[in-house]
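Here, each number is a calculation from the coordinates, and none is a lab measurement. Since the structure is predicted, the reported quantities are computational estimates derived from the model, not experimental observations. Cβ: placed from backbone, ideal geometry, glycine included. Neighbour counts: every protein chain shown.
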Amino acid sequence: MRRLHLKLFYLRTRFKREPQGVTARTLGVRPATMSHLEQGRSMPTLPMLLALCKHYDVTPTYLLDDERPIEPQTRDRWTERSALICRGDFLECPEGAAIKTADGMLLAPVMAGARFYDSTAQAQRMLCHTKQEAIALERSLIQAEQARDRELEQMLINELMAQRKPRTKVNRKVARTETRTDDAVPVHRHGEEVPAEA
């Protein structure tokens with residue numbers, strides 16, 4: 001993360017082209033905080049890192065990975081984070097969009113809104129005969145993924161709750177021991193206060 005401060009400075013001055021005070025006000029921090037981050041004198045907290053990512057439209061991977069170039073690429077955009085294609089995914093492209101290279105390989109352009117599928121979903125996509133079926137499949141895949149995510153989240157919450165030690169109120173009655181000294185401790189006899197006897 002030795003280049004984090006340079007990336008933050010670049011994003012503010014070259015990408016957003018805004019004064020430090022404006023960025024600070026937008027993020028709800030003091031200008032000195034932004035200055036310290038850009039000078040490498042401090043590191044952002046996790047909530048601050050998330051706010052920086054959203055503000056500058058970059059991923060945490062871009063900010064934290066020193067191997068990534070300072071100028072963000074398309075894959076480094078926060079708004080594109082759910083549209084990343086990974087090895088093993090299948091990209092949907094219109095017929096004729098792929099270009100054949102001299103050595104026989106096909107190059108398919110990644111277009112805005114292009115759908116892509118993992119190997120299981122790709123098999124289902126092959127069975128769609130109309131565009132409406134493909135759209136319905138995409139919706140069902142998204143809903144299934146969201147349901148799996150909610151289910152996993154609940155399962156993890158339950159596991160964490162089960163690991164917590166129960167909080168029980170311990171009624172600790174502290175027994176008071178009364179220490180009597182020979183001087184000036186009143187002793188009650190028949191309702192009247194009498195000084196202690198030596």
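The table below gives the values:
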quantity	calculated
Segment 1-41, relative contact order in percent, only Cα pairs under 8 angstrom and at least six apart counted	45 percent
Cα centre as origin, Lys/Arg/Asp/Glu Cβ charges: segment 4-81 dipole, Debye	300 debye
Full-stretch length increase - E159, E71 - with 0.36 nm per residue and alpha-carbon distance subtracted	27.5 nm
Gained length - S42 relative to M111, 0.36 nm times residue gap less alpha-carbon distance	20.9 nm
Residues V29, V110, sorted so that the one with the fewest Cβ neighbours within 10 Å comes first	V110, V29
Burial ordering of T59, T74, fewest other beta-carbon atoms within 10 Å first	T74, T59
For M48, M105, M43, order by how many other beta-carbon atoms lie within 10 Å, fewest first	M105, M43, M48
Full-extension gain in nm, A134 to K16, via 0.36 nm per residue minus C-alpha separation	38.7 nm
